[in-house]
Amino acid sequence: MATQATAQPSYSFLRIAITLQTLTILLQAVSAGPLLTSSYGETLHSVGARVMYGASMLYVLAAVLAWKPGGGSPRPIWHASGFLVLASLQVVLGIANVPSVHVPLGVLMFGLSVLALARR
């Protein structure tokens, strides 16, 4: 009896990518404390920003892979792309040192990432 292949692995990769993104955003929040109180905090937060941005790009890749080969909905691609735009804005605001927008945007991003994770 032949079994039918499913798109499950690509959805698993999508869930892993969203989980990684959520965890990196959480770690950014945690590294914000040392940023304000210690000499190594800026380096830690800066490295974390690069990792978070990479996780957002991985989320886009995972969404594309889940859609194209598996024939799934393109909706996760729009979500992931929107998140990459938010991550880009977050990086720009962090570099420009605009904490009045940077911090609330980080909270929003974490909430949206948890919501995306809950939907998977």
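The values are calculated or read from the model by the stated rules, or taken from the named source; none is laboratory data. Keep in mind it's a predicted model, so treat the numbers as computed, not measured. Here the Cβ positions follow ideal geometry from the backbone for every residue, glycine too, while neighbour counts run over all protein chains shown. Ligands, DNA and RNA are stripped out before the accessible areas are found, and what is left, the full protein with its side chains, is counted by its heavy atoms. Shrake-Rupley method; radii C 1.70, N 1.55, O 1.52, S 1.80 Å.
Carbon and sulfur: what percent of segment 15-116's accessible surface (1.4 Å probe)?
On segment 15-116, the fraction of accessible area on carbon and sulfur atoms equals 76 percent.
Can you work out the accessible area per residue across segment 40-120, with the rest of the protein chains kept in place, probe 1.4 Å, in square angstrom?
That works out to 60 Å² for each residue.
Report, in deg cm²/dmol and to the nearest 500, the calculated mean residue ellipticity at 222 nm for the chain, where each DSSP H run with n ≥ 4 adds -39500 (n - 2.57) and the sum is divided by the residue count.
Only helices count here, giving -29000 deg cm²/dmol.
Once the Cβ-Cβ distance between Ser81 and Thr43 is put in as r, and R0 is 30 Å, what FRET efficiency do you end up with, to the nearest 0.05?
For R0 = 30 Å, the calculated efficiency reads 0.50.
Hey, rough spin-label estimate for Leu89 and Arg119, points 7 angstrom out along Cα→Cβ, what's it come to in nanometres?
About 1.7 nm, to one decimal.
When Lys and Arg each count +1 and Asp and Glu each count -1, what net charge do the other residues less than 15 Å away from Leu115, Cβ to Cβ, add up to?
+4
Return the single residue from Gly33, Gly48, Gly72 with maximal mean-square fluctuation; model: Gaussian network over the chain, springs between Cα atoms under 10 Å.
Maximum among the listed residues: Gly33.
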